[in-house]
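These notes are about the structure you will find just below.
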Amino acid sequence: MKRVIALVDCNNFFVSCERLLKPELIGKPVCVLSNNDGCVVSRSNEAKKMGVNMGAPYFMIKNQFKKVIFLSGNLPFYCEISKRIMNKLYDYTPDVEVYSIDEAFLDLTGLRKTFKCPYEDIIKKIAEDIKIEIGIDVSVGLSYSKVLAKLACEKTKNLQKTLKDEFINKKTYKIGYREIENELKATLISDIWGIGKNTNAFLKKHLIQTAWDFATQEDIWLKKNLGKIGLDLKQELLGNSINPVKSTQDAPKSVSRSESFKEFQTDKNYIQKELNSHIHKVCKKLRSLNLLTGCVSVMLRTKDFQVSDIKINLINPVNSEFELVEHAKEILNKIFKNGVVYRSVGFCAMKLSPSEERQISIFDGENSIKKENLSKSWDKLEEKFGKGIIKLGIK
């Protein structure tokens with residue numbers, strides 16, 4: 001059976017969340033900034049029209065765009081709104097794959113009979129219900145594969161950008177079988193989900209400019225030059241679902257946390273405190289996923305974006321910050337240089353494994369369990385009294 005797949009993508013999500021709290025921001029140029037006001041991570045349509053670029057460093061543009069309202073990010077609130085939206089999607093289908101904080105794929109195959117209406121009406125209802133019940137505008141793309149659904153969703157956004165009366169309120173777009181060829185001919189291959197700069201440069205050398213050029217290549221050539229990924233992408237472009245919607249999320253291969261400082265830093269103690277905060281957040285995430293880490297790394301980024309990092313393998317996998325803070329401190333001591341100005345620090349946990357597979361060491365197993373129980377108690381205190389109730393000190 002051919003699959004029918006939709007992509008729901010929240011429009012200017014962080015800005016839209018802020019407008020829920022502050023309706024007076026509607027219609028005004030607004031940008032949301034990353035942690036510690038580092039760079040732009042979300043823009044209203046009005047800010048986009050003024051020329052504010054995504055990822056632009058705040059300190060470089062704050063004087064250039066004085067009419068733009070710049071807001072500090074509020075990630076916990078955005079996550080709560082995202083959770084409400086994703087939960088709403090389950091009202092339509094159990095086959096929901098949360099792709100990011102503001103995107104999700106839905107498999108709607110066969111639901112025409114359930115809802116007794118065309119698929120186009122189903123996705124229109126999804127967009128309308130989310131707007132009415134949660135207050136967030138979304139764009140929805142519909143087609144027969146994830147790649148085509150993603151393309152259809154981008155088409156929706158492009159129509160909205162034209163600001164023509166007939167498209168201002170357009171929320172959805174469908175690419176049917178009859179439209180696939182014309183849509184691919186009108187789409188640059190560089191605009192297809194999954195095509196990076198290097199791949200695009202390679203394809204250009206072989207005169208592959210459009211998505212249709214790619215989709216009509218011989219399988220032998222694609223396999224030789226791009227492998228299975230190239231073959232799968234061709235099938236997805238032709239409307240054959242090779243990458244199905246996964247309603248259960250695969251365990252991550254790593255969990256990391258990094259953040260720009262509010263001000264450039266040379267103070268090692270300050271950096272250590274920030275690093276400790278990252279370690280706690282990473283470990284809390286690991287515990288929520290019932291995972292352990294067997295390898296950790298610490299990264300320091302200078303003012304000039306030069307990066308130093310070291311990773312170490314652990315003798316026994318753990319997920320307690322009380323176990324990892326000393327390892328991280330050792331790494332920081334090795335990569336920190338006096339007199340160097342730093343802009344951010346990061347912590348990453350790798351080589352993840354399920355907690356139930358852990359083998360307790362006969363030498364320090366009891367001590368490790370005590371530290372993990374202490375960490376879990378910390379989690380419970382934060383659930384009851386809020387984040388930041390306890391912080392790791394430095395010594």
How high is the FRET efficiency between ASN316 and ALA251 when r is their beta carbon distance and R₀ equals 25 Å, given to the nearest 0.05?
-> 0.85
Spin-label pair ILE335/ALA201, simplified geometry with 7 Å Cα→Cβ offset, distance in nm | 2.6
The answer for trypsin sites (Lys or Arg not before Pro) in the range 238-281 that fall in a DSSP coil and have at most 11 neighbouring Cβ atoms within 10 Å is LYS253
Share, in percent, of DSSP beta bridges within the chain that are antiparallel, nearest 5 = 85
The chain - mean residue ellipticity at 222 nm from DSSP helices (-39,500 (n - 2.57) per run, n ≥ 4, rounded to 500) | -13500 deg cm²/dmol
How big is the gap, in Å, between the Cα center of the range 248-311 and the Cα center of the range 1-49?
-> 26
Can you list the lysines whose alpha carbon is less than 17 Å from that of LYS28, not counting same-chain residues fewer than 8 positions off?
-> LYS48, LYS49, LYS62, LYS66, LYS67, LYS161
In the chain, whole DSSP H helices that both stretch 20 Å or further along their axis by alpha carbon positions and average at least -0.5 on the Kyte-Doolittle scale are 75-89, 119-133, 321-335
The Kirkwood hydrodynamic radius of the range 1-177, taken as the inverse of the mean 1/r over all distinct Cα pairs, in Å, comes to 17.0
Hypothetical label at THR266: residues of the range 279-310 whose amide nitrogen lies under 17 Å (7 Å Cα-Cβ projection) = 301-305
Please give the FRET efficiency for LEU21 paired with ARG178, using the beta carbon to beta carbon distance and R0 = 45 Å, rounded to the nearest 0.05.
-> 0.55
The range 1-58: trypsin sites (Lys or Arg not before Pro) falling in loop per DSSP and having at most 12 other Cβ within 10 Å = LYS2
Calculate, in nm to one decimal, what LYS48 and LYS157 gain on full extension: separation in residues at 0.36 nm each, minus their alpha carbon distance.
-> 37.9 nm
Rg [Å, one decimal], Dmax [Å, integer] - the range 45-114, C-alpha atoms | 18.0, 56
Taking the Cα-to-Cβ direction at SER288 and at LEU75 and moving 7 Å from each Cα, how far apart do the two end points lie in nm?
-> 1.0
Sites removed, the longest contiguous part of the chain containing no DSSP-loop chymotrypsin sites (Phe, Trp or Tyr not before Pro) with at most 15 other Cβ within 10 Å is 194-304
Net charge near PHE70: determine it from the other residues with C-beta under 12 Å of the C-beta of PHE70, scoring Lys and Arg +1 and Asp and Glu -1.
-> +3
Looking only at LYS234, LYS185, LYS116, which one moves most when the chain is put into a Gaussian network model with springs between Cα atoms under 10 Å?
-> LYS116
Spin-label point model (7 Å from Cα, Cβ direction): what's the GLN64 to LEU188 distance in nm?
-> 2.1
Taking GluC sites (Glu not before Pro) as exposed when DSSP calls them loop (any state but H, G, I, E, B) and at most 10 other Cβ atoms lie within 10 Å, what is the longest stretch of the chain free of them, the sites themselves excluded?
-> 219-395
Taking K and R as +1 and D and E as -1, what net charge do the other residues with C-beta under 13 Å from the C-beta of HIS206 add up to?
-> +1
In cubic angstrom, how much convex hull volume per residue do the alpha carbon atoms of the chain span?
-> 194
Using the Kirkwood radius over Cα pairs, work out the Stokes-Einstein diffusion coefficient for the range 298-342 at 20 °C and 1.002 mPa s, in µm²/s as a whole number.
-> 183
On the formula 1/(1 + (r/R0)^6), with r taken between the Cβ atoms of GLU128 and LYS223 and R0 of 51 Å, the FRET efficiency rounded to 0.05 is 0.70
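Where a number appears in this text, it was derived from the coordinates with a stated rule and is not lab data. Fair warning: this is a prediction, and the values are worked out from it, not measured in the lab. Virtual Cβ from ideal backbone geometry, glycine too; neighbours counted across all protein chains shown.
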